[in-house]
Amino acid sequence: MSFRRVAILLAVTLLAAACTTKTKELPQGPPREIRIINNVIVGDNDHTLTVRYWGTECEEFSDAEVEYGITQIKVTIYALVTTDECERSGLQQTASITLDQPLDNRIIIDANTDTVVWEP
């Protein structure tokens, strides 16, 4: 093996070792938490949802999980909490979600609370 390859391999190994914790796990980003949906507004195209949920000023929208059923669509909202020192203020946040399927008169349910948050 050439000197250059050995040097690159050593550099990659040292970088990987520096990125692990004492338990040899890769460090995680901000905590991802489930949020409670307040209500949903359906866009004109039947594929776009504006979801309002309760959060704090110390977080940002992460992503959503969507489960498609015959009569309902279940939505779970996730937020990334950017700091541990933030009061749970109950600030209303908004996220836009694009559905893979048209809504087609199905109800929308907050999967976290099993509550209907929109009806046609």
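The values are calculated or read from the model by the stated rules, or taken from the named source; none is laboratory data. Everything numeric here is computed off the predicted structure, so don't read it as measured data. Cβ: placed from backbone, ideal geometry, glycine included. Neighbour counts: every protein chain shown.
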- request: Identify all residues within region 107-120 that are closer than 10 Å to Ile73 by Cβ and either at pLDDT below 95 or touching a Ser or Thr at 6+ places or on another chain (Cβ under 6 Å) (or both); write none if there are none.
  value: Ala111
message: What pairs come out if I take residues in region 94-106 that are more than 27 Å from Glu60 (Cα to Cα) and pair them with residues that are aliphatic (A, V, I, L, M) and surrounded by 12 or more Cβ atoms within 10 Å (Cβ to Cβ) whose C-beta lies under 8 Å away, six or more apart or interchain?
response: Arg106/Ile73
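Results for (1) at pLDDT below 55; (2) over 15 Å from Trp118 (Cβ atoms); (3) part of a strand (DSSP E or B); (4) not small (Gly, Ala, Ser), shown as yes or no for each residue.
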{"residue": "Lys22", "(1), (2), (3), (4)": "yes, yes, no, yes"}
{"residue": "Leu26", "(1), (2), (3), (4)": "yes, yes, no, yes"}
{"residue": "Gly29", "(1), (2), (3), (4)": "no, yes, no, no"}
{"residue": "Phe61", "(1), (2), (3), (4)": "no, yes, yes, yes"}
{"residue": "Glu65", "(1), (2), (3), (4)": "no, yes, yes, yes"}
{"residue": "Ile73", "(1), (2), (3), (4)": "no, no, yes, yes"}
{"residue": "Ile77", "(1), (2), (3), (4)": "no, no, yes, yes"}
Qualifying residues in region 79-100 (those that are assigned to a loop (DSSP other than H, G, I, E, B) and at pLDDT 95 or above) - the one surrounded by the fewest Cβ atoms within 10 Å (Cβ to Cβ): Asp100
message: So in region 43-71, with the set limited to residues that are aliphatic (A, V, I, L, M) and surrounded by 13 or more Cβ atoms within 10 Å (Cβ to Cβ), which one is farthest from Ile108 (Cα to Cα)?
response: Ala64
